1. Would you pick out the residues in the stretch 216-254 that are in contact with a strand residue (DSSP E or B) (Cβ under 9 Å, 6 or more places away or on another chain), part of a loop (DSSP other than H, G, I, E, B) and farther than 18 Å from residue 197 by Cβ?
2. What helices (runs of 4 or more DSSP H), lying completely within the stretch 50-153, carry at least 1 residues that are acidic (Asp, Glu) and farther than 17 Å from residue 39 by Cα?
3. How many of the residues in the stretch 90-121 are polar (S, T, N, Q) and surrounded by 18 or more Cβ atoms within 10 Å (Cβ to Cβ)?
4. Based on this model, can you work out whether residue 209 counts as in a helix (DSSP H, G or I), within 9 Å of the ligand (Cβ to nearest atom) and surrounded by fewer than 17 Cβ atoms within 10 Å (Cβ to Cβ)?
5. If residue 237 satisfies all but one of (1) touching a helix residue (DSSP H, G or I) at 6+ places or on another chain (Cβ under 9 Å); (2) farther than 29 Å from residue 129 by Cα; (3) among the hydroxyl-bearing types (Ser, Thr, Tyr), what's the number of the condition it fails?
6. Between 231, 202, which is touching a Cys at 6+ places or on another chain (Cβ under 6 Å) and within 15 Å of the ligand (Cβ to nearest atom)?
7. Name the residue, out of 161, 187, that is under 16 Å from the mean Cα position of the chain (by Cα), open to solvent by less than 20 Å² (accessible area, probe 1.4 Å) and near the ligand (Cβ under 10 Å from one of its atoms).
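The values are calculated or read from the model by the stated rules, or taken from the named source; none is laboratory data. As the structure is a prediction and not an experimental result, all values here were calculated from the model. Here Cβ is always computed from backbone atoms with ideal geometry, including for glycine, and neighbour counts include all displayed protein chains. Remember, those area values only see protein heavy atoms, side chains included, never the ligands or the DNA or RNA. Shrake-Rupley method; radii C 1.70, N 1.55, O 1.52, S 1.80 Å.
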Amino acid sequence: MTSTQVKDSVNAADRLMQFASGFVISSALNAVTRLRVADLLANGPLTAAELAGATSTSPDALNRVMRVLAGVGVFAQPSSEKYALNSVSTLLRSDAPQSLRDTVEFFCDSLHFECYKDMLPSITDGRTASEHIWNENVFEVFARNPEAQTRFDNAMTNMTGSAAAAVAEAYDFSGVGTLVDVAGGHGLLLSTLLQRNPNMKGILFDRPHVVTGAQKRINALQLSERCRTVGGDFFKSVPSGDAIIMKHIIHDWSDEQALAILKNCRASLKADEGTLLLVEMLLPTDDQPHFSKVLDIEMLILPGGRERTSDQYRDLLHKAGFKLYRLIPTESPYVVIEAR
Ligand SMILES: C[S@@+](CC[C@H](N)C(=O)[O-])C[C@H]1O[C@@H](n2cnc3c(N)ncnc32)[C@H](O)[C@@H]1O
């Protein structure tokens, strides 16, 4: 073996072991996020002992956790036991403009560890881990477990944080009378769009126990005159409007289930030329890293959906009686798929 070959194989081994031990980083991230360590570092670097004092944890154990996270670039380590925020951990701050705190807390939670402990059953028969473990769809699992439901709803709102303004910028809603946000969660996207478009009315639709969580935001933003909430099941019907928007919904479901939802949307649009807007990530067809490829596995393991390429969306929309009209990029990882 030449020295270059030895170096390559050491690098390859390092990379492989980094991937194989990825759960260590996920679990460490989960712990420091729950301990709000990033908020504690907001005013400057602290030692592990100071952080441990503020979080009632073991100074030695917390130092080791911070050290491994600093080693992969999550925190800065200005001296041997002192830690500071960098651009990555700033995103764990509760008050950061693009905070991902709630998203990280959800992605690294115990439900995920349970679901991901063995992917083989899902790879073997294509059924979700949720069905294998609990014999039901993950949305039913959330509904039975208020803590998991809250973590999920907060994560969705958190992820929508960066997308809402980008969608408002990218798409012209000025001609829309009533916009229905189908499965709009806690209403961050719809309320942002209503604030930016003062003549538009909105209907926020989701499952009854979810939609109640949106009322506080609607009232606080003084949108209750223009926005009402409706609880229901999109496999049965969706409320009627001039345009429908669905963010991160079609990707949750198989082609067959997605078609059922899209057909209900088509039936409820007021005019034949009514507009359907899907806000989704597009799966690239090359071999480059892209978060949609990770999200695609999340869809396989949790709800049973999939990420799709633009051609797959075109095909699905066509089968539901829509024509894909435009793909509108946004200043976020999402595109707006406009169909009529
Ligand atoms: C991935 S989240 C997206 C939420 C929101 N659109 C966003 O992007 O923040 C999926 C949403 O679908 C809702 N949902 C799941 N099953 C549903 C059903 N049968 N009828 C209506 N909504 C449903 C969930 O409650 C959840 O809010």
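1. 232, 234, 238, 239, 240, 248, 249 - these are the residues of the stretch 216-254 that are in contact with a strand residue (DSSP E or B) (Cβ under 9 Å, 6 or more places away or on another chain), part of a loop (DSSP other than H, G, I, E, B) and farther than 18 Å from residue 197 by Cβ.
2. Details: elements: 59-71, 87-90, 101-107, 110-116, 120-125, 129-134, 138-144.
Those helices (runs of 4 or more DSSP H) span 59-71, 110-116, 120-125, 129-134, 138-144.
3. Here is the first cut: in the stretch 90-121, the ones polar (S, T, N, Q) are 90, 94, 98-99, 103, 110.
Applying the additional criterion that residues be surrounded by 18 or more Cβ atoms within 10 Å (Cβ to Cβ) yields 99, 103.
Total satisfying the criteria: 2.
4. On the way: in a helix (DSSP H, G or I): yes; within 9 Å of the ligand (Cβ to nearest atom): yes; surrounded by fewer than 17 Cβ atoms within 10 Å (Cβ to Cβ): yes.
Yes.
5. Among (1) touching a helix residue (DSSP H, G or I) at 6+ places or on another chain (Cβ under 9 Å); (2) farther than 29 Å from residue 129 by Cα; (3) among the hydroxyl-bearing types (Ser, Thr, Tyr), residue 237 violates only (2).
6. Numbers: 231 fails: touching a Cys at 6+ places or on another chain (Cβ under 6 Å).
Among 231, 202, only 202 is touching a Cys at 6+ places or on another chain (Cβ under 6 Å) and within 15 Å of the ligand (Cβ to nearest atom).
7. Values: 161 fails: open to solvent by less than 20 Å² (accessible area, probe 1.4 Å).
It is 187.
Condition check ((1) within 13 Å of the ligand (Cβ to nearest atom); (2) modelled with pLDDT under 95) across all residues:
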site: 174; (1), (2): no, yes
site: 214; (1), (2): yes, yes
site: 244; (1), (2): yes, no
site: 249; (1), (2): yes, no
